[in-house]
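Here's the structure, in C-alpha cells; my notes come after.
The values are calculated or read from the model by the stated rules, or taken from the named source; none is laboratory data. These numbers come from a predicted model, not from an experiment. So basically every Cβ, Gly included, is an ideal-geometry build from the backbone, and we count neighbours across all protein chains shown. Side chains are part of the model used for accessible areas, which takes the heavy atoms of the whole protein and leaves out ligands, DNA and RNA. Shrake-Rupley method; radii C 1.70, N 1.55, O 1.52, S 1.80 Å.
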Amino acid sequence: MIRAAALLAWLALAATAAHAQTAFVPLPADVAVTAPGPDVPPAVARFSGVWARGAWDSVLPHVLVVERLEADGSARVVYAVGENADRDIKPGAMRVTGLAEGDTLRVPSRDGRAIVEYTFEGDKLRGLYRAGDITSRVVLSRTPLADAARTAAAIAQISGQTVRIPVSDSGPLGTTQITLEATVYRPSGDGPFPVVVFNHGSTGGNPAAVKVTRKAALQARFFVERGFVVVAPMRRGRGASDGFYGESYGCDSINLTSGVARAVEDVDGVVAWLGTLPWADTTRLVMAGISRGGFLSVVYAGERPQRVKGVVNFVGGWTGERCEGFNAASFAHAGRDARVPMLWLYGDRDHYYGPASIRAYHDAFAKAGGRGALHLYPREGHDLANFVDLWEATADTYLAGLGLTSPR
C-alpha cells in the first residue's frame, strides 16, 4: 500500500496545480526519463516512459512523460497537451506529481479541474478525464522521446482558420439559408491546391460532445504537408454549426438512411462553397474522414462519382456491428457507383466492429464493383487515425497513385 504521507502530499499538489505559475512550452528542454529502481514494484514501474500518439476525444493532442517513479508510487510527470480554441486550451506542458497505485496512475490535469486516471489496455495507456458533466478519453502508445518531442512541437505549429460555410437547410417550413462551422488549413502559396474534405465521426450519443468542434488537426497536418487544402466541416447541429442534428443512433434503417442523406447534403454545400474559391481546385477532390466520416466519404463517392478523385476511409461505419446489415449494404451501394480506388484503414481491435465485420464490409463493397485496398492494423482500435506514423507511408503511396502528389 502507498504510505499515507505520500498520498496526502500528492493530493496537496493536485489541489494547487491550477494556480502554479508554470511557463507552458511544448515539452520542457530538460525532459528525461530515469529508469525505475529495483525497489519500485513492477506494476508501478511499467508506467515509466514516454506516452504519445493520441488525442483527447481525437481532437486534443496529448503527450505524457513519466520521468521518475519512486517506491511509494509517487511519480514525476510531464503533462502536455495541444490547442483547442473552442475549449480555450493553449498548447503547452507542465510538471506535476502523480501517484501510481496498482494498475492506475493518477495525474492532476493541466486545468486543475480533475484527476486524470491512466490504466493499461494491452500495451497502450488509456486516459480518463472527468470534470463535472465532461468526460474525455485518450489512448496513448509508448513512444521514443525524440518522436514525442516532434509531436509536441507540431502541436503548436499546425493551426487552422475557422470559417462559416453557407448551405441550404430544408425543413417543414421550407428551405432556409444557414451556415456550417468549418476549419480550413492551407499550404503556403496561392494555389489552386487539391482539396481534402475531412469528415468527422459521431458523438456516440454523448450530449456534451455534440457541441465539440472536431478540427482534425493531426490528420490535416499530414495532408497540408503534401500540398492539399484541408476543410474539416461540422455537419448540421454539430459543433457551432446551425441547424438540427438529425443523425440517429438506433438501428432503424429508415432513420439511419435519412441521417446519411442529410450528411451528403452538408458535404454538397461544402463542395459548392469550395468551388467559389480561387485557391481550391475541386477537380482534384479527396474525401476523407473518421468513423461516420469515413463511411460518409465512401458513400459520397458513390453518390457523386463525377466529383471525387479519391477516398481515405479511417475506421468507417455509420453504426456499430450490432445494427446488422446497414454498413455492408451501404458500402455495397457505394461500390456499385463509385469510380475511384479507395484506401480503407482499420484496426483489428476496434470496439465498434470486429475484424470479421470489417472484412465483410469491404467484401460487400468489392463484390459490388468497388475498388480499393483494406489495411487492417494489428492491435489498433477506433483511434487509428491519430497514429499518423502507422499509415502515412500507405497513404503516401495511395495519393501518389492517384496522381495528386509526388512519390515520397
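Does residue 371 satisfy the criteria of being under 24 Å from residue 139 (Cβ atoms) and of a type in the set (Lys, Arg)? No, not satisfied.
Residue-wise test of (1) closer than 26 Å to residue 322 by Cα; (2) among the acidic types (Asp, Glu); (3) out of contact with any helix residue (DSSP H, G or I) (no Cβ under 6 Å at 6 or more places or on another chain).
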residue	(1), (2), (3)
186	no, no, yes
189	no, no, yes
193	no, no, yes
216	no, no, yes
221	no, no, yes
225	no, yes, yes
228	no, no, yes
235	yes, no, no
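Among the residues of the stretch 169-212, just one is touching a Phe, Trp or Tyr at 6+ places or on another chain (Cβ under 7 Å), modelled with pLDDT of 90 or more and farther than 16 Å from residue 231 by Cβ, namely 190.
When the stretch 167-187 is filtered for residues that are aliphatic (A, V, I, L, M) and open to solvent by less than 70 Å² (accessible area, probe 1.4 Å), the ones remaining, listed by number, are 167, 178, 180, 182, 184.
Just for the stretch 240-263: of the residues that are crowded, with 16+ Cβ neighbours inside 10 Å and aliphatic (A, V, I, L, M), which one is farthest from residue 300 (Cα to Cα)? Selected residue: 256. When the residues of the stretch 91-125 are filtered to those that are charged (D, E, K, R) and either closer than 10 Å to residue 77 by Cβ or in contact with a Gly (Cβ under 9 Å, 6 or more places away or on another chain) (or both), the one that is surrounded by the most Cβ atoms within 10 Å (Cβ to Cβ) is 110.
Restricting attention to the stretch 58-68, the residues that are open to solvent by 10 Å² or more (accessible area, probe 1.4 Å) and either modelled with pLDDT of 95 or more or not in a strand (DSSP E or B) (or both) total 3. Just one of the numbered conditions (1) within 21 Å of the chain's Cα centre (by Cα); (2) in a helix (DSSP H, G or I); (3) of a type in the set (Asp, Glu) is not true of residue 265: (1).
For the stretch 392-405, what are the residues that are open to solvent by less than 50 Å² (accessible area, probe 1.4 Å) and either modelled with pLDDT of 95 or more or of a type in the set (D, E, K, R) (or both)? The answer is 394, 395, 396, 398, 399, 400, 402.
The set of residues from the stretch 188-205 being in contact (Cβ under 8 Å) with a residue 60 or more places away in the chain, under 24 Å from residue 345 (Cβ atoms) and open to solvent by 20 Å² or more (accessible area, probe 1.4 Å) comprises 193, 202.
Residues in the stretch 351-391 that are among the hydroxyl-bearing types (Ser, Thr, Tyr) and over 20 Å from the mean Cα position of the chain (by Cα) were compared, and the one that is surrounded by the most Cβ atoms within 10 Å (Cβ to Cβ) is 361. Across the stretch 299-333, the number of residues qualifying as assigned to a helix (DSSP H, G or I), open to solvent by less than 10 Å² (accessible area, probe 1.4 Å) and closer than 26 Å to residue 386 by Cβ comes to 4. Is it the case that residue 276 is touching a residue at least 60 places away in the same chain (Cβ under 8 Å) and either under 23 Å from the mean Cα position of the chain (by Cα) or not in a helix (DSSP H, G or I) (or both)? So residue 276 fails the test.
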